[in-house]
Each structure stands twice: as structure tokens, then as C-alpha cells.
1. Under the condition of being over 21 Å from Gly23 (Cα atoms) and among the polar types (S, T, N, Q), which residue from segment 78-94 is surrounded by the most Cβ atoms within 10 Å (Cβ to Cβ)?
2. Consider only pairs whose beta carbons are under 6 Å apart and that are at least six residues apart or on different chains; among these, list those whose first residue lies in segment 73-95 and is under 17 Å from Arg136 (Cβ atoms) and whose second residue is of a type in the set (Asp, Glu).
3. Tell me, yes or no, whether segment 15-30 has at least one residue that is in contact with a helix residue (DSSP H, G or I) (Cβ under 8 Å, 6 or more places away or on another chain), among the aromatic types (Phe, Trp, Tyr), under 20 Å from Ala114 (Cα atoms) and modelled with pLDDT of 95 or more.
4. Inside segment 1-120, counting only strands (runs of 3 or more DSSP E) that do not spill past its ends, which hold 3 or more residues that are within 11 Å of the ligand (Cβ to nearest atom)?
5. If only one of Ser75, Ser97 is surrounded by fewer than 20 Cβ atoms within 10 Å (Cβ to Cβ) and small (Gly, Ala, Ser), which one is it?
6. Please enumerate the residues belonging to segment 129-158 that are surrounded by fewer than 22 Cβ atoms within 10 Å (Cβ to Cβ), within 10 Å of the ligand (Cβ to nearest atom) and of a type outside the set (A, V, I, L, M, F, W, C).
Amino acid sequence: MSAAWWQWVASRDSLTARLVSAGGQRAFRVRLLDQRLGRPRRDEALALGLPPARHAWLREVALCLDERPWVVARSVVPLSGLHGQRLDRLGERSLGSWLFRQPDLERGPLEVSADPAPFHAASGPWARRSLFRHRRFAVLVQEFFLDRMADDLGLPSR
Ligand SMILES: C=C(O[C@@H]1C=C(C(=O)O)C=C[C@H]1O)C(=O)O
């Protein structure tokens, strides 16, 4: 991985905040692609330690700068840790801006891959995921960096 991509992929603070800052004059927007109760994929259930058929809250978004998606993300939240948090009300507000305001937030190790997003057609160089915990609330956040981000920021292709 190039050093320029490492800066993005290995960062552990809010990606939303980093995108806003890197975007400069461009307008940041979270575009909601889908949110529903459903079955996580097998690898997601494993990462969360959930029994295979257990339903979870699924949220898929595109993080856009001037309406161009730079990152697409899919988050999976086990229902057992949801106590009154209305994630469906989040809508087009960033999950990160809520998450990073929570006290006692813990973030697990980042897992990196070059897998394409299974829910979006645009391709990209890198993907990563990590588990956030805040008391009993847990969310697996999976972020797929897209080629468009590399083009707009003049980053190397990988
Ligand atoms: C986890 C963060 O939030 C971002 C916002 C997301 C959303 O709104 O669904 C999803 C993934 C993240 O990239 C972050 O800012 O680091």
C-alpha cells in the first residue's frame, strides 16, 4: 500500500471528519442507500460473534463530496445492544458524528482488504472494517474507498 493510502486506511479517528477536511470547498453529504433489518453476511456475523441467522440493523451509505461518492460504507448493528437508540432516525446524518460523541467509545483493530463493496458497483483500491463498542452497543463499520476519491485527491491508484 502506498504511504498516501496508508494515511487514510490506518486512521482511527472519524473518517467523516477527515473527508470533510480533505474535501476543502466541496460539499460533504451522506447519501442513504439502504437501511433495514436483515441478515448480516456470514463474515459479518462471524466478526460480530452473532449466530448465523440472527437479524441485525443494516445501514448502507455513500459518503459523497459534491455528490461524487468517495467512500461507501455498510454498518451492521446487533439488535441486542440497541436500547432506545433510533438508528433509523439518523437518516443522512453521519453515523460517525454520533459515534465519536459517545463517551467510553472503544474501537477494535482495523481489518484491511481489497474486496469490492458487495452492495455498490463503483470499484476502489482498499476496504477496511472495525468494530466499535460503546457499553452494550456494538457496530461493525465497513468502509470501501473508491477510485473516485483517488482521482479527486490525486492519490496513487493503490
Ligand atoms: C464511522 C464513521 O462514520 C462514517 C459514517 C457512516 C454512516 O453514516 O453510515 C458510515 C461509515 C463511516 O465512514 C466515521 O466517521 O469514522
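The values are calculated or read from the model by the stated rules, or taken from the named source; none is laboratory data. Since we're looking at a predicted model, the values are computed, not measured. Reconstructed Cβ throughout: ideal geometry from the backbone, glycine too, with neighbour counts over all protein chains shown.
1. Narrowing segment 78-94 to residues over 21 Å from Gly23 (Cα atoms): 78-91.
Filter once more, keeping what is among the polar types (S, T, N, Q): 80, 85.
Details: Ser80: 12, Gln85: 15.
My answer is Gln85.
2. Going by the 6 Å Cβ cut-off, the qualifying pairs are Val76/Glu44.
3. No, there is no match, as no residue in segment 15-30 is in contact with a helix residue (DSSP H, G or I) (Cβ under 8 Å, 6 or more places away or on another chain), among the aromatic types (Phe, Trp, Tyr), under 20 Å from Ala114 (Cα atoms) and modelled with pLDDT of 95 or more.
4. Details: elements: 28-38, 56-65, 68-78, 111-113.
The strands (runs of 3 or more DSSP E) meeting that bar are 28-38, 56-65, 68-78.
5. Numbers: Ser75 fails: surrounded by fewer than 20 Cβ atoms within 10 Å (Cβ to Cβ).
The match here is Ser97.
6. Ser130
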